[in-house]
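Quick notes on the structure that follows.
Each reported figure results from applying straightforward, stated rules to the coordinates on display, with no laboratory input. If you're wondering where the values come from, they're calculated on a predicted model, not measured in any experiment. For neighbour counting, all protein chains shown are included, and Cβ atoms are generated from backbone atoms with ideal geometry for every residue, glycine included.
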Amino acid sequence: MSSTLPSNVPNFEAGKPPRKERPPIGGIVVTVILAVALIAIIGVAITRLSSGSLGSPSAATAPTRAAAAAQTASPAQATAAAGSPADADTAQAIQQVIQQVDQAQTQAIANNDPSGMSATATSEFYQEQVATNQDLMDNGVTDIQLLNIEWGPITVNDDTASATNYETWTTTFSDGTTEQSRDRNVYTLVRDGGTWKVQSDEHPDQSLTPGPSGAP
């Protein structure tokens, strides 16, 4: 029997068949678990993409365009959106009231007498018109004339109505100069005892305080 000495250990080991290293069992288990989890995630993502639910807000949290528009709309515009188109007779009656308001304002400037404006306006709007006329005269306005009206939509919601038009005015000043302007007006009217009266006149396109129905 030969003994294995330190001097011949390499020769002894070279004669043995090589030993196969077994991979650790724990590493294989972790790899399998990760692979299964990855497959599951990919399957869920594909399912959600096919149903169109991935990345889309729920109906409860996503506001509709109509709701977003209602949040920024003015009271007059909200009334118009909620109402229905006026019939021919109602539309004609509303147009006549607005024309009377404009004519009364013209006469109030010319005669320095605002009392004629009260017949076709609510008490609140009448006070606004009186203050507007006073501002105009304080700034040298001596005459205003309505040249043209272009009518837009007119809607009615029970006893409230909204009318949009484009009015062209000429303003004359004490120094003889004149200015002409065309402005969009959104009128809100209320029915009082069967008669329509103007409650407000908004100028959505103006950043400054308007003059006679839109004249600066």
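Before moving on, here are some points about what is shown:
- Scanning segment 101-117 for residues that are surrounded by fewer than 17 Cβ atoms within 10 Å (Cβ to Cβ) and either among the hydroxyl-bearing types (S, T, Y) or under 21 Å from L189 (Cα atoms) (or both) turns up Q103, S115, G116.
- Pair list, Cβ < 7 Å and 6+ apart or interchain, from segment 172-195 residues that are closer than 19 Å to Y126 by Cα to residues that are among the basic types (K, R): L189/K197; V190/K197
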